[in-house]
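Accompanying notes for the structure given below.
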Amino acid sequence: MLELNIDIHGDDDVFMRLTEPEDAEWSWALYPPAFFLHGLRIPEGQGGALAIGMLDTHPEAEESGIYMMEYGDVSAVNIIELSARRLLVSGMVDLCGKRLPFHIDMPRA
């Protein structure tokens with residue numbers, strides 16, 4: 001078993017470009033969102049690959065969510081190891097009274 005801990009913080013420069021127009025959907029936000037998933041124990045796949053797939057309500061995780069000026073619960077989380085250097089994380093988040101999809105494609109450190 002592996003313990004998975006993921007912290008992803010949005011890029012400040014990209015966020016500023018997206019929220020610069022006064023009529024931008026998230027223009028009221030002060031900083032980019034952050035995704036977190038801590039303490040999730042998962043089986044290790046062949047050759048050390050991550051065998052994750054779809055994670056709906058994951059009670060095994062100590063904490064998970066997206067923070068964007070408030071904490072939002074995540075569900076239907078899907079984590080895919082695209083390569084040894086890249087992860088794809090997607091799912092749904094309850095944020096600002098709405099249920100919204102999220103999609104993160106990121107390099108691994």
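Laboratory data are not the source of any read-out in this text; all were calculated from the coordinates shown. If you're wondering where the values come from, they're calculated on a predicted model, not measured in any experiment. No Cβ is skipped: glycine too gets one built from the backbone with ideal geometry, and neighbour counts run over all protein chains shown.
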Inset, instruction - State, to one decimal in nm, how far the label point of residue 84 lies from the label point of residue 96, with both points 7 Å from Cα in the Cβ direction. - result: 4.1
Legend entry - For residue 5, net neighbour charge (Lys/Arg +1, Asp/Glu -1) across residues whose Cβ lies under 11 Å away: -3
Legend entry - Residues listed by number, segment 81-109, amide nitrogen under 14 Å from residue 75 label point at 7 Å toward C-beta: 91-95, 97-102
Inset, instruction - Lys and Arg at +1, Asp and Glu at -1: add these up for the other residues within a Cβ distance under 12 Å of residue 106 and post the number. - result: -1
